[in-house]
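Written out below as structure tokens is the structure these notes cover.
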Amino acid sequence: MNEYRKSFFSFTSWKQRFVFWIGAILIGLLISSMTLLSEWAGQSYRSISLAYPWFNFIIAPFGLALTAWISTQFFPGTQGSGIPQVKIALEQDTEASRAQFTSLRITIGKIFLPIMGLLSGASVGFGGPATHVGASLMASLGKIIKFPSHYTARGLLLAGSAAGFAAMFSAPLAGIIFAIEEMGRTLDDRISSLVLTAIILSGVTAYSILNHTFFFTDELLILPMGKQWFAIPFCGIIGGFFGAVFSKVIVRGQRYIHKLNQPIILIAFVCGLLIAILGYLSDGESFGTGYQLTRNIIEHDATIDPLFPLYKMLATCATFLSGIPSGIFVPAIATGAGLGANLADWFPIAPTSIMILLTVTAYFSGMLQSPFTAFVVVLEMTHSHEISIPIIAAAFLATGTARLINQKPLYNALCDNYHAIQKSKTAHED
């Protein structure tokens, strides 16, 4: 009997597969619950803040300060998006060093702390936290079941992180591309099948619960050849530019805040005040994930404040720099949708819906410098296969534009920031 048959019929191998599959389904259930809870939290805060405007200037700063304090005191390692932590964990050689970035404690903190941020008015996304939760949960299961080392080192972290990403967007294919393009760059032959299985299981689980997250489910989008195709470079370059600017602000802002050497609670309080001001100026539109407003923009061509993309971008920057656990993916989609709606109003080169989708893709791609991930996320979320070529073209134009502004992709730069901060702390202690 060859090695493959031995492995296939081995009780230990099937036990590992079973736990792997259960973990993937559990990730899908957890991320779906987080998504539903996040929309409730965001809408609840906005309703109260609109009824009592003074509410923002009390809850936002004190709420963010409390969330940051709980994060640092009881759940260290949960701060920020979580994707840089997973990328750093993938570089580690020992289980103990990986546990600093992915653990059951981090899973628990990353589930409820972003909800606290939303209940404080922050512009919180769940893409990063979903990725971190998935990786941490799968790594914890691997530790309990005692998976072989090569699974623990890469397979579990890759599968968990990509499964969390796929569940967040109900997009299994996007999870696969994300695992390759953003997290792993390559998949080891020994773990690729389990990674892909975990992504599919978590994505399907989330889709069965969150199928309402799809946009344009019954609308045919067509971009005929002709002058309307000028919308591709127009939206691609402009969207990519603003996505790159956003990335530069949070990367440099993180470095600047570290140099200030101020208590994280004070920084979170100041960021909360800024979020309250932005919410007041935008009539509450900058609060929360931005998911519902994005649906209104895309599906119903809702009228928005032309300054909404700026308000949302700044609120997301303030949330990220406050140090609370939060992501940037869904707020980025909202920002891109608002920017696309403005471009369609000011320069009606192509149908509004198509210009919005092109700009969302471009902003997302310019922010991450991951064109395939941006392309597939938008394609799976909107079922816009008829304009797949314009969308992927906009994604690559945006990435090219972003590379003229930022030498490194966002999460690579954030990993560099983390290493520099840790090195600085070590030198200071010595």
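Tabulated results
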| quantity | calculated |
| --- | --- |
| Members of region 268-288 found to be surrounded by fewer than 19 Cβ atoms within 10 Å (Cβ to Cβ) and assigned to a helix (DSSP H, G or I), listed by number | V270, L273, I277, Y280, L281 |
| Failed condition for C235, given (1) in a helix (DSSP H, G or I); (2) within 15 Å of A68 (Cα to Cα) | (2) |
| Wholly within region 22-115, helices (runs of 4 or more DSSP H) carrying at least 2 residues that are modelled with pLDDT of 85 or more and either touching a helix residue (DSSP H, G or I) at 6+ places or on another chain (Cβ under 8 Å) or farther than 20 Å from M168 by Cβ (or both) | 56-74, 83-91 |
| Filtered residue count, region 387-420, keeping only those that are exposed (fewer than 14 other Cβ atoms within 10 Å of the Cβ) and not polar (S, T, N, Q) | 4 |
| Segments classed as helices (runs of 4 or more DSSP H), wholly inside region 312-430, with at least 2 members that are farther than 26 Å from G175 by Cβ and of a type outside the set (A, V, I, L, M, F, W, C) | 329-346, 410-429 |
| Residue within region 303-311 that is at pLDDT 85 or above, under 24 Å from the mean Cα position of the chain (by Cα), assigned to a helix (DSSP H, G or I) and surrounded by fewer than 21 Cβ atoms within 10 Å (Cβ to Cβ) present | yes |
| One residue from S140, S103 being surrounded by fewer than 22 Cβ atoms within 10 Å (Cβ to Cβ), over 21 Å from P331 (Cα atoms) and over 20 Å from the mean Cα position of the chain (by Cα) | S140 |
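The values are calculated or read from the model by the stated rules, or taken from the named source; none is laboratory data. Note that the coordinates shown come from a computational prediction; the quantities given were computed from them, not determined experimentally. All Cβ positions, even for glycine, are placed from backbone atoms using ideal geometry, and neighbour counts span all protein chains on display.
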